[in-house]
Amino acid sequence: METFSQPPPELGNQYTRDRLLRSYLSRALPADVRASIEPQLMEMGELAGGPLYGFQRADRGNEPILTSWDAWGNRIDQVEHTPLWRAAEQLAAQRGLIAIPYERAHGEWSRVHQFALVYLFTPSTDVYSCPLAMTDGAARTLSASGNCELMERALPHLTSRDPRQFWTSGQWMTESIGGSDVGLSETRAQQDADGRWRLYGRKWFTSAVNSQMALTLARPEGNPAGGKGLALFYLETHDAGGALNNLSVNRLKDKLGTRKVPTAELTLQGTLAIPVYGLSDGVKNISPMLNVTRTWNSVSAVSYMRRAIALARDYAGKRVAFGAPLAKKPLHVDTLAGMQAELDAAFHLTFFLVEMLGREDAGMLRDAEPDLWRLLTPIVKATTAKQCVAVVSEALECFGGAGYIEDTGLPMLLRDSQVFPIWEGTTNVLSLDALRAVAASAALPAFGKCVHDLVAGAKDPRLSSASHEAQHAFTHAQRWLEAATARGTESVEAGARRFALTLGRTLGLALLVRHAQWSLDNEGDERALAAAVRFARHGVDLIAADDGSGESGLLADA
Ligand SMILES: Cc1cc2nc3c(=O)[nH]c(=O)nc-3n(C[C@H](O)[C@H](O)[C@H](O)COP(=O)(O)OP(=O)(O)OC[C@H]3O[C@@H](n4cnc5c(N)ncnc54)[C@H](O)[C@@H]3O)c2cc1C
């Protein structure tokens with residue numbers, strides 16, 4: 001009996017096939033930088049869409065394994081990564097995914113170089129971006145610390161291209177009493193008789209538990225409650241003989257997604273640690289790490305959107321329904337176009353942030369730009385994470401029933417994406433952070449000027465309504481903030497998410513308008529224009545008329 005079987009979706013070279021990435025790099029990068037990094041992008045694109053993608057599918061059923069005891073009754077707490085992750089670690093070191101911004105061969109453009117590679121690498125390596133993000137964050141935090149001893153000890157490992165020398169780092173912040181409200185942390189730091197600091201407590205979410213080091217928070221004895229009373233500590237997970245540093249891995253968490261990531265609960269039982277800077281202000285002092293990990297999160301979110309759309313588009317050319325491939329069905333094409341418009345905006349938003357991080361690294365941010373960068377980091381993370389979950393969910397539907405079937409590898413994309421809005425600050429927490437960033441700083445006027453300048457160069461009349469929409473949405477957000485501030489803190493807090501996401505979508509649209517005009521002028525390509533028009537139609541201004549009537553009343557049950 002002959003039965004029909006469907007060819008699976010294929011990817012091909014993920015660099016050469018990515019119109020969005022290539023067009024962005026053509027506009028943004030100086031020609032010599034682009035020429036110098038293009039062979040690396042070609043190679044990573046080939047790997048990501050070919051052998052690495054095949055490896056990922058073959059590794060689908062594997063998960064990290066925690067072995068708590070050896071055969072002789074010794075507590076060992078060893079975690080073994082899956083074969084895909086072991087390969088990903090080697091590849092990440094060799095291709096310099098952490099080293100590139102520290103080598104800074106391309107000056108302010110080194111972050112674009114790094115993250116263009118990360119964007120290609122991430123969706124084929126099942127969130128190996130998680131330990132890499134924390135490693136990059138730790139390298140930056142230590143670089144900024146001025147603590148020469150720790151810099152000399154750890155930086156050569158964190159930024160090594162030699163897999164035998166390469167270290168990853170954990171970021172152990174969350175405790176069961178508070179993840180967002182990390183100032184509640186209960187871990188104590190005490191000096192022993194030799195004057196060495198030892199940590200006691202329980203860390204509730206520690207991904208990358210296999211890392212050689214971690215940055216963590218603990219409260220030195222006698223310090224006051226709250227985030228100010230915490231200090232930032234450096235620790236190594238094992239001693240020179242390979243024994244665990246007085247800590248135990250209680251268990252690996254059983255998670256919805258990110259199942260290759262060994263996220264552990266840990267008990268610290270006198271773990272030796274070194275203060276990074278001073279003995280207080282730990283929450284403030286760990287912020288360089290968060291600026292980096294939130295940027296990685298944004299890049300990972302756009303990379304997952306891109307992967308889901310690449311698969312859905314390929315499938316649309318193969319799957320026949322009602323006499324024609326889905327790619328010929330106007331409504332299916334319209335659905336894909338809507339997803340692509342979201343990706344275009346998220347991509348430009350993310351790489352705008354990446355450019356700013358590169359200029360920050362190079363000490364080039366001027367005037368109000370540091371304030372703007374401080375505002376954009378939480379906004380871009382929050383906006384792109386939400387877009388990613390929506391787009392990847394839609395992409396699964398593009399496959400019909402196959403999108404719901406595990407061994408297609410598709411459901412994993414959605415489960416993994418769902419972490420992007422949660423870790424590194426939830427949407428609400430980041431929205432409140434955005435409010436702090438605009439208070440008493442030049443960030444909001446700088447944001448408005450940025451939107452204005454981006455759309456000012458759009459000459460094509462087909463872009464005028466999108467340009468108008470971006471400017472209008474910004475003005476509305478600004479007016480809302482003034483009015484809500486007059487009403488009081490409760491009004492401001494209640495609207496913070498609408499405010500933050502409006503700013504994110506507004507800047508995404510303005511960047512898309514700028515790129516669309518450039519692409520018309522330089523590439524004769526109308527696709528970015530179509531994305532801008534479409535994205536504007538999706539809705540940018542999310543600030544509903546706020547009459548202060550107290551929507552919390554909606555939650556009353558009786
Ligand atoms: C897979 C995974 C891996 C992780 N890995 C790590 C890791 O390696 N290291 C680490 O330190 N952490 C890690 N985390 C923890 C993660 O960062 C926290 O879960 C996250 O910060 C939220 O903290 P919480 O879980 O305590 O939630 P809560 O803080 O209890 O938040 C619950 C809800 O309340 C909302 N909320 C909180 N405060 C406010 C407010 N003031 N106003 C309005 N809404 C508010 C939040 O938005 C959220 O919706 C990981 C989490 C996951 C899922």
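The values are calculated or read from the model by the stated rules, or taken from the named source; none is laboratory data. These numbers come from a predicted model, not from an experiment. We place every Cβ from the backbone using ideal geometry, glycine too, and count neighbours over all the protein chains shown. Keep in mind that these areas ignore ligands, DNA and RNA; they rest on the heavy atoms of the full protein, side chains included. Shrake-Rupley method; radii C 1.70, N 1.55, O 1.52, S 1.80 Å.
When SER552 is tested against (1) open to solvent by 60 Å² or more (accessible area, probe 1.4 Å); (2) modelled with pLDDT under 95; (3) more than 16 Å from the ligand (Cβ to nearest atom), exactly one condition is not met: (3).
Kindly indicate whether any position in segment 356-366 is farther than 19 Å from ALA395 by Cβ, over 15 Å from the mean Cα position of the chain (by Cα), basic (Lys, Arg) and assigned to a helix (DSSP H, G or I). Yes: segment 356-366 contains one or more residues that are farther than 19 Å from ALA395 by Cβ, over 15 Å from the mean Cα position of the chain (by Cα), basic (Lys, Arg) and assigned to a helix (DSSP H, G or I).
For segment 168-196, the set of residues classified as within 23 Å of GLY270 (Cα to Cα), within 16 Å of the ligand (Cβ to nearest atom), touching a residue at least 40 places away in the same chain (Cβ under 8 Å) and in a loop (DSSP other than H, G, I, E, B) consists of THR168, MET173, SER185, THR187, listed by residue number. Could you please find all residues in segment 255-271 being surrounded by fewer than 19 Cβ atoms within 10 Å (Cβ to Cβ) and more than 11 Å from the ligand (Cβ to nearest atom)? THR267, GLN269, GLY270 - these are the residues of segment 255-271 that are surrounded by fewer than 19 Cβ atoms within 10 Å (Cβ to Cβ) and more than 11 Å from the ligand (Cβ to nearest atom). Among the residues of segment 32-46, none qualifies, meaning not one is assigned to a loop (DSSP other than H, G, I, E, B) and surrounded by 13 or more Cβ atoms within 10 Å (Cβ to Cβ). Within segment 320-341, the set of residues being more than 18 Å from PRO123 (Cα to Cα) and in contact with a Cys (Cβ under 9 Å, 6 or more places away or on another chain) comprises LEU326, HIS332, THR335, LEU336.
The residue that is least open to solvent (accessible area, probe 1.4 Å), among those in segment 314-335 that are in contact with a helix residue (DSSP H, G or I) (Cβ under 6 Å, 6 or more places away or on another chain) and in a helix (DSSP H, G or I), is ALA316. Considering segment 178-196 alone, what residues qualify as being more than 16 Å from TRP423 (Cα to Cα) and open to solvent by 20 Å² or more (accessible area, probe 1.4 Å)? Once the filter is applied, which keeps residues that are more than 16 Å from TRP423 (Cα to Cα) and open to solvent by 20 Å² or more (accessible area, probe 1.4 Å), segment 178-196 yields LEU184, GLU186, ARG188, GLN190, GLN191, ASP192, ALA193, ASP194, GLY195, ARG196.
Filtering segment 197-225 to residues that are within 16 Å of the ligand (Cβ to nearest atom), assigned to a loop (DSSP other than H, G, I, E, B) and either open to solvent by less than 40 Å² (accessible area, probe 1.4 Å) or charged (D, E, K, R) (or both) leaves SER207, ALA208, VAL209, SER211. Being more than 22 Å from the chain's Cα centre (by Cα) and either assigned to a helix (DSSP H, G or I) or crowded, with 19+ Cβ neighbours inside 10 Å (or both) is the filter here; which residues of segment 47-58 pass it? Listed by number, the residues that qualify are PRO51, GLY54, PHE55, ARG57, ALA58.
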